[in-house]
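Okay, structure first, notes after.
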Amino acid sequence: MSSKILKYIFIELIRNRFIIFYAIFLFVLSSAIIYIGHDSSKAVVTLLNLILFIIPLVSLIFGTIHFYNSEEFIQLLLTQPVDRKSIFLAEYLGIAFSLSLAFIAGAGLPLIYYGITVPVMFLLGTGVILTFIFVSLAFFSSVINKDKVKGIGLSVIIWLFMSVIFDGIIFVILFAFNDYPLEKFILIFTSLNPVDLSRILILLQINISALMGFTGALFRDFFGSAVGMITAFILLMTWIFIPGFVSMKVFNKKNF
């Protein structure tokens, strides 16, 4: 039953006008950047900063709005012999898979056409992981707020904090304590943000870390190693599972 629900939700979502527009927008954006730069490797750097803003925002807002708009459908499913965990997972995976497919089709196809490289694969891989992370956070915002406006507002705040404010905090710390050796602290602190962690992993594949001074060398030495890569992957997976697990627990007790 749960697989049928997932299939139904996924098919409905890939027909959604917003999902189609999202894929077309990324395709045009990716194609234009590659065409102007005449190099898929250089395009990765430009696309990176744009995608790290777009994916979290789209995943959070669309995921939150879809959850609230699906409440009547969820209520209908709850009258059927289906456990809440299956309904939650079907809704979550349906959104995450559909947004990931739109991202791969939109941003991925032009990049792959001009050449499959390690940075391109890392960009696409981290893009999919970020989609799952921020859909998980979107569900967290939705289940803890009965009011739709508050849920969307919390999602916007999460996006602002992780995509904008977090970097500002790092700059303030570096400016205020520039006389102290903060490299290891910045390494740990940056690792706590999935957006910054994804950016570092991709930039390391393009060897731009060499332009970042000692801190960049520290990132390269740690995240460039097997242990660092595994640690980064575990941290990113944690951002999927913890909000998702908490959201599922709240969903199981939620009155619709």
Legend entry - Scan of the range 175-186 for residues that are touching a Ser or Thr at 6+ places or on another chain (Cβ under 9 Å) and either in a helix (DSSP H, G or I) or of a type in the set (Asp, Glu) (or both), ordered by number: Glu183, Ile186
Inset, instruction - Please verify whether the range 120-132 includes one or more residues that are free of Cβ contacts under 8 Å to residues at least 24 places away in the same chain, surrounded by 15 or more Cβ atoms within 10 Å (Cβ to Cβ), at negative phi and not in a helix (DSSP H, G or I). - result: no
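With the structure loaded, tell me whether Val149 is aliphatic (A, V, I, L, M) and within 26 Å of Val28 (Cβ to Cβ) or whether it fails that test.
On the way: aliphatic (A, V, I, L, M): yes; within 26 Å of Val28 (Cβ to Cβ): no.
No, not satisfied.
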Legend entry - Subset of the range 44-102 (residues that are surrounded by fewer than 23 Cβ atoms within 10 Å (Cβ to Cβ), within 23 Å of Leu203 (Cα to Cα) and of a type in the set (Gly, Ala, Ser)): Ser100
Legend entry - Pick from the range 87-139, criterion within 10 Å of the chain's Cα centre (by Cα) and at pLDDT below 95, ranking: nearest to Ser198 (Cα to Cα): Thr126
Legend entry - Within the range 229-256, considering residues that are assigned to a helix (DSSP H, G or I) and among the charged types (D, E, K, R), the one nearest to Ser191 (Cα to Cα): Lys249
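For the range 144-159, name all the residues that are part of a helix (DSSP H, G or I) and surrounded by 13 or more Cβ atoms within 10 Å (Cβ to Cβ). Lay out the reasoning, then the answer.
Taking the range 144-159 and keeping what is part of a helix (DSSP H, G or I), we get 148-159.
Residues satisfying the conditions are Lys148, Lys150, Gly151, Ile152, Gly153, Leu154, Ser155, Val156, Ile157, Ile158, Trp159.
The values are calculated or read from the model by the stated rules, or taken from the named source; none is laboratory data. Keep in mind the model is a prediction, meaning the values are calculated, not measured. FYI the Cβ positions are ideal-geometry reconstructions off the backbone, even for glycines, and counts take in every protein chain you see.
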